[in-house]
Amino acid sequence: MSKATYNAEIAAKRWHAGNIYEIIIECEPLARESQAGQFLQVACGDDTFLRRPISIHNVDGSRVSMIFEVKGRGTRYLSQLKTGDCINVLGPLGNGFDTDIEGDVLLIGGGLGVFPLYMVAKAKGKSCDAVLGYKSARDLVSHDRFSAVCREVVITTDDGSYGIQGTAVAAAHSLVVNHHYKAICACGPLPMLKAVHALACKYNIPAWISLEERMACGFGVCLACAVKSADDDVDYLHVCKHGPVFNSKEVIL
Amino acid sequence: MNKLSTAVNIAGVEFKNPIVTASGTFGFGREFSEFFDLSQLGAVSVKGLTLKPKAGNPPPRAAETASGMLNSVGLQNPGVESFVKDELPFLRGFDVKVIANMAGTTVEEYEEMARILSDADVDMLEVNISCPNVKEGGVAFGVDEKAVYEVTSRVKAVSKKPVIIKLSPNVTDIKKIAKAAEDGGADALSLINTLLGMRIDIKTRRPILKNNTGGLSGPAVFPIAVRMVHDVYETVSLPIIGMGGVSRGEDAAELMMAGASAVAVGSAALVNPLAPIEIKRGLEKFMEDNGIKDVTELTGSAKMW
């Protein structure tokens, strides 16, 4: 009996930008167990049946932070909660990023995919660089947190309103050719992850990517969140149980 | 406090309480064993097995609905032999009855699996003739009286374990299907499997599920389960394992009053992994609060107007 659900009090809630909010919950056992890249299944009120999978952004003492975008009823519900309200969470779930990798690591985050990388940045500190891609200057969230811990942080925006105009992976390319990274850790939209995989293959660097798929239980029983396996002997892997972080060579995107 | 009697007898197999996990929402027990002691349950019904390993359907395989969900997993499983070798020994480490759920594409496949599972250390067989997510087999057997009779009688002929036939709600008259299973020699019935449904993403104008359609489960289907369990209870004299949207102890009591001898918990456990245990405790509390000493008193106790 090692897994549990928790009724956790919201210690802080803040709006960041656009539809992006952060909720910090007080939950010591969860904080103790949580690792970079893992996620929580969050109950979102009576109008939703399924929990919503949300990645862990940070652990600070006994507090756990999640940053999420309002996409539907569940996340809307969460965005309207107040400090002092309680939410029921299940977790921590899944396999996260390995933060014990020796040597330098490159983080590549796109949009909401920036947030699950922060605990890797904290763990690796000055032995990691980060490329964080956003749509536009007004969408910049949490980049300053990365700047505070990483060696180098490169910001890209699709419209060029801040940092380098273009994709995160394009900017990552120039870092990769000038450094000897032992691994890439990435999270972001599917096209970005495909580009990360191609970049990693080209320079023969292991890439660890965090995936999303429509999920029901989050703990490996319903088999909903299937992702095609690259191993001929295995048809599907499951994001909640085998991931959400995979070696990019394990899966077919 | 007087001791409650919670044991129920399903076709000669005694469950220490009426709470069962529904096939397809429980895997083979490993994941749930991290949340609670599986020995607290009456029985577990494992993920639907096929003769050969099955990959399942392409994703997305799940979509939320009002008070429920659709799934189109498509019977992904490691196959019956792997179950017996790799999964069953773990489950046998708990004091809980094990129901092996199986689905075939031909009657011969059902027979073959019944033979294999009869020689394995399981307590009962549950014949899934009602999976809505596979193109052949599954529900194709469950919607036709003759086919139900045929598959039931042929599985019974080779089976050394009590046989439960799992019925589909996607039929015109479930009473006729239940009768066909009884005539075929079924030892018990379980119902309801999921109801066929569909959701469309209005931005892309594409179904959310890659399989287009999927099976609806969750609290949304509970009243349908109550009605169908009642209909079947009135029609046949077999014990019924009722299921469909049970989320609270009171739901379990209600489904038993409709005619169920045991109650399976499905989707509720996907949202709250402790749901089976909480439902068991809720049912016990209902018994205490209402002076019910023996849970079997509940079965079929609802009086129609």
Q) Considering the zone a paramagnetic label at B:N9 would reach in this model (a point 7 Å from Cα along the Cα-to-Cβ line), which residues of the range B:152-195 have amide N under 19 Å from it? A) B:161-164, B:186-189
Q) Any idea what angle helix A:168-178 forms with the longest principal axis of chain A, computed on alpha-carbon atoms, 0 to 90 degrees, nearest 10? A) 50 degrees
Q: Taking every Cα atom in the protein assembly as shown, find the radius of gyration and the maximum pairwise distance Dmax, and write them in Å.
A: 25.2, 81
Q.
Per 0.36 nm of contour for each residue apart, how much would the distance between B:E112 and B:A157 grow if the chain were fully extended, relative to their Cα-Cα spacing?
A. 15.1 nm
Q: Give the share of C-alpha pairs in each 20 angstrom bin for chain B, from 0 to the last occupied bin, in whole percents, shortest bins first.
A: 37, 59, 5
Q. What spacing in nm lies between the two simple spin-label points modelled at B:R92 and A:K126, each 7 Å away from Cα in the Cβ direction?
A. 5.9 nm
Q | GNM flexibility winner over chain B from B:N212, B:N17, B:N193 (Cα, springs under 10 Å) | A | B:N212
Q) In a GNM of chain B with a 10 Å cut-off on Cα contacts, which of B:L274, B:L216, B:L189 has the highest mean-square fluctuation? A) B:L274
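Rounded, prolate or oblate: which fits the range B:28-86 when a ≥ b ≥ c are the square roots of the eigenvalues of the alpha-carbon gyration tensor, with rounded for a/c under 1.5 and prolate only if a/b beats b/c?
Numbers: a/c = 2.52, a/b = 1.12, b/c = 2.25.
Cα axes put the range B:28-86 in the oblate bin.
For the range A:52-116, would you read off the P(r) tail past 20 Å as a percentage of all alpha carbon pairs? Could the numbers behind the result be given before it?
Details: 804 of 2080 pairs.
Beyond 20 Å sits 39 percent of the P(r) for the range A:52-116.
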Q) Can you work out the FRET efficiency for the pair B:S301 and B:K176, with r the C-beta to C-beta distance and R0 = 25 Å, to the nearest 0.05? A) 0.50
**Q.** Given A:K249/B:K54; A:K3/B:K16; A:K71/B:K203; B:K16/B:K293; B:K3/B:K285; B:K146/B:K176, the pairs whose alpha carbons are separated by over 18 Å
**A.** A:K249/B:K54; A:K3/B:K16
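Let me check I have the definition right: for the range A:5-93, take the eigenvalues of the Cα gyration tensor, multiply each by 5, take square roots. What are those semi-axes in whole Å, largest first?
The answer is 18, 14, 12 Å, longest axis first.
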Q) What net charge is computed for the residues neighbouring B:E182, neighbours being all others with C-beta under 15 Å from the C-beta of B:E182, Lys and Arg scored +1, Asp and Glu -1? A) -1
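For peptide B:58-70, compute the average count of partner chain beta-carbon atoms within 10 Å of each residue's beta-carbon.
Details: counts 4, 12, 6, 11, 11, 4, 9, 2, 3, 4, 2, 5, 2.
Other-chain Cβ atoms within 10 Å of each residue's Cβ, averaged: 6.
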Q) How far is helix A:190-202 tilted off the main Cα axis of chain A, in degrees rounded to 10, range 0 to 90? A) 40 degrees
Q: Note down the nm distance, to one decimal, between modelled labels 7 Å out along Cα→Cβ at A:E28 and at B:K52.
A: 5.5 nm
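Summing +1 for each Lys or Arg and -1 for each Asp or Glu, what net charge is found among the other residues whose Cβ lies under 15 Å from the Cβ of B:S301? Don't skip to the end; give the middle numbers.
Working: positive: B:K293, B:K303; negative: B:E234, B:E250, B:E254, B:D294, B:E297.
The answer is -3.
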Q) How big is D, in µm² s⁻¹, for the range A:105-210 by Stokes-Einstein at 4 °C and 1.567 mPa s if Rh is the Kirkwood radius over C-alpha pairs? A) 99 µm²/s
Q | Free-standing Cys, the protein assembly as shown [no other Cys Cβ under 4.7 Å] | A | A:C27, A:C44, A:C86, A:C128, A:C150, A:C185, A:C187, A:C201, A:C225, A:C240, B:C131
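So if R0 is 35 Å, what FRET efficiency would A:R76 and A:Y162 give, r being the distance between their Cβ atoms, rounded to the nearest 0.05?
Working: r = 28 Å, r/R0 = 0.79.
After rounding to 0.05, the efficiency reads 0.80.
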Q.
Can you give the local net charge around B:A264? Use residues other than it whose beta-carbon is closer than 13 angstrom to its beta-carbon, Lys and Arg +1, Asp and Glu -1.
A. +1
Q | Residue of A:V234, A:V221, A:V64 that the Gaussian network model of chain A assigns the largest fluctuation, springs spanning Cα pairs under 10 Å | A | A:V234
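Each value in this text was obtained by applying a stated rule to the coordinates, not by laboratory testing. Just so it is clear, the model here is predicted, and its values are computed rather than measured. Cβ sites come from the backbone with ideal geometry, for glycine too, and all protein chains shown count toward neighbours.
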